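Reading through the structure tokens given below for one structure.
Each value in this text was obtained by applying a stated rule to the coordinates, not by laboratory testing. Owing to the predicted nature of the structure, the values given are computational and were not obtained by experimental measurement. Note that each Cβ is placed from the backbone with ideal geometry, even for glycine, and that neighbours are counted across all protein chains shown.
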Amino acid sequence: MKVAEPGVYAVRFARAETTRSNMYLRYRSYREEDGPMFCDFYFWVLVHPEGIILFDTGFDDRYPVSIQLGFEDGLAALGLTTADVDQVVVSHLHSDHTGNIPRLTGARFLVPEQEWRFWTSPMGRRGLFAGEMLEGYLGDLATVEREGRLQTTGPGTRIAAGVRTMSAAGHTAGSQILIVDSPHGSIALASDAAHFREELDLDRPFSIASNVADMYTSFDMLRELERQGTTVIPGHESTIADAYPRVSGDGGVPAVVRTLDLTGIKRTTEED
Ligand SMILES: [Zn+2]
């Protein structure tokens, strides 16, 4: 298999049809009619000169939404197998972002320290939190930790040349986003710091929150990144698959698109 050109790829593998009142916190506060909306599911693949980096791993068949593009098939569309994955940056520990981990037996996992502490504490097992983190999924990460493949990240951990994390709490206790700079532009993969473009544009917190004030602060941070010229890509936005050049998929939910060209990035082991 020929590996795809260097780039940041979005792999859309599932879609849920839902409602606005389901997606936004205390939707009734806005005094608007309810309506339908899509919540799409992605994982992200960086074909980078320093290796193959995943940002989140989607969900697997333990999760109650049907999968329209299998994890291995999504990777295969980029000429990759699970064995090729070097690093996995985890945005947060909700189950729709942390599936398929047992399939990645050779990868190093980078989890925000604050997030890891939260979910492994008794608070992480309280009803409303635990409902978003299926039991087995946390066990998968515990296995990775026992095998010495889990490392924690801080507010601005360097992942590779031009790639770094940034803290964006609020949706969960320790969520992080991924910033990718290349000679062709800069993007911020927001994951659930902003699920939808509209969430940012209307300044409306998502229905699942650990701290609403932190969530608003994370919105401000994303807008500041935009002011500086970074393109913010919300993590569950259905329009992404149509906004960028498509590598595979023709019109339906399964889609792999290239959101940023990474050619010209130099391999480096130094801080940048
Ligand atoms: Zn989430």
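Scan region 54-81 residue by residue and report those that are within 15 Å of Asp140 (Cβ to Cβ) and free of Cβ contacts under 8 Å to residues at least 24 places away in the same chain. Break it down into steps so the answer makes sense when it comes.
Initial filter on region 54-81 (within 15 Å of Asp140 (Cβ to Cβ)): 54, 56-63, 71.
Scanning region 54-81 gives a single hit, Asp61.
Applying the selection to region 15-74, what residues are more than 29 Å from Ser182 (Cα to Cα) and among the aliphatic types (A, V, I, L, M)?
Ala16, Met23, Leu25, Met37, Val65, Ile67
Any idea which of Ala194, Ala241, Ala213 is away from the ligand (no atom under 16 Å from the Cβ), aliphatic (A, V, I, L, M) and closer than 24 Å to Val88 by Cα? Quick ask: steps written out before the conclusion?
Details: Ala194 fails: away from the ligand (no atom under 16 Å from the Cβ); Ala213 fails: closer than 24 Å to Val88 by Cα.
The conditions single out Ala241.
Any chance region 51-59 includes a residue that's surrounded by fewer than 21 Cβ atoms within 10 Å (Cβ to Cβ), closer than 26 Å to Ser218 by Cβ and within 16 Å of the ligand (Cβ to nearest atom)?
No, there is no match, as no residue in region 51-59 is surrounded by fewer than 21 Cβ atoms within 10 Å (Cβ to Cβ), closer than 26 Å to Ser218 by Cβ and within 16 Å of the ligand (Cβ to nearest atom).
Taking the stated definitions as given, is Ala188 away from the ligand (no atom under 16 Å from the Cβ) and either assigned to a strand (DSSP E or B) or aromatic (Phe, Trp, Tyr) (or both)? Steps first, please.
On the way: away from the ligand (no atom under 16 Å from the Cβ): yes; either assigned to a strand (DSSP E or B) or aromatic (Phe, Trp, Tyr) (or both): yes.
In short, yes.
Tell me which of these His171 doesn't satisfy, since it passes every other one: (1) in contact with a strand residue (DSSP E or B) (Cβ under 7 Å, 6 or more places away or on another chain); (2) in a helix (DSSP H, G or I); (3) within 12 Å of the ligand (Cβ to nearest atom).
It fails just one condition, (2).
Could you list, in sequence order, the residues of region 136-161 that are in a helix (DSSP H, G or I) and under 30 Å from Asp181 (Cα atoms)? Before you say what the answer is, go through the steps one by one.
Kept after step one, since they are in a helix (DSSP H, G or I), are these residues of region 136-161: 136-146.
Listed by number, the residues that qualify are Leu141, Val144, Glu145.
On the basis of being without any contact (Cβ under 8 Å) to a residue 60 or more places away in the chain and within 16 Å of the ligand (Cβ to nearest atom), does Gly148 make the cut? It would help to see each step written out before you state the result.
Values: without any contact (Cβ under 8 Å) to a residue 60 or more places away in the chain: yes; within 16 Å of the ligand (Cβ to nearest atom): no.
For Gly148, the condition - without any contact (Cβ under 8 Å) to a residue 60 or more places away in the chain and within 16 Å of the ligand (Cβ to nearest atom) - is not met.
If we scan region 118-125, do we find a residue that is free of Cβ contacts under 8 Å to residues at least 40 places away in the same chain, assigned to a loop (DSSP other than H, G, I, E, B), surrounded by 15 or more Cβ atoms within 10 Å (Cβ to Cβ) and out of contact with any Gly (no Cβ under 8 Å at 6 or more places or on another chain)?
The answer is yes; a qualifying residue exists.
Among the residues of region 136-145, which ones are farther than 18 Å from Tyr63 by Cβ, free of Cβ contacts under 8 Å to residues at least 40 places away in the same chain and either of a type outside the set (D, E, K, R) or within 16 Å of the ligand (Cβ to nearest atom) (or both)?
Result: Ala142, single match.
Considering only residues that are within 14 Å of the ligand (Cβ to nearest atom), under 19 Å from the mean Cα position of the chain (by Cα) and either farther than 21 Å from Ala169 by Cβ or not aromatic (Phe, Trp, Tyr) (or both), which ones fall in region 113-129? Before you say what the answer is, go through the steps one by one.
Step one: filter region 113-129 for residues within 14 Å of the ligand (Cβ to nearest atom), giving 115, 118-119, 124, 128-129.
With the extra rule that they be under 19 Å from the mean Cα position of the chain (by Cα), the set shrinks to 115, 118-119, 129.
Residue satisfying the conditions is Glu115 alone.
Given the conditions (1) of a type outside the set (Asp, Glu); (2) surrounded by 15 or more Cβ atoms within 10 Å (Cβ to Cβ); (3) not in a loop (DSSP other than H, G, I, E, B), and given that Gln68 satisfies all but one, which numbered condition is not satisfied?
Result: Gln68 passes all but (3).
With respect to the numbered conditions (1) within 16 Å of the ligand (Cβ to nearest atom); (2) part of a helix (DSSP H, G or I), which one is the sole condition not fulfilled by Met133?
Failing condition for Met133: (2).
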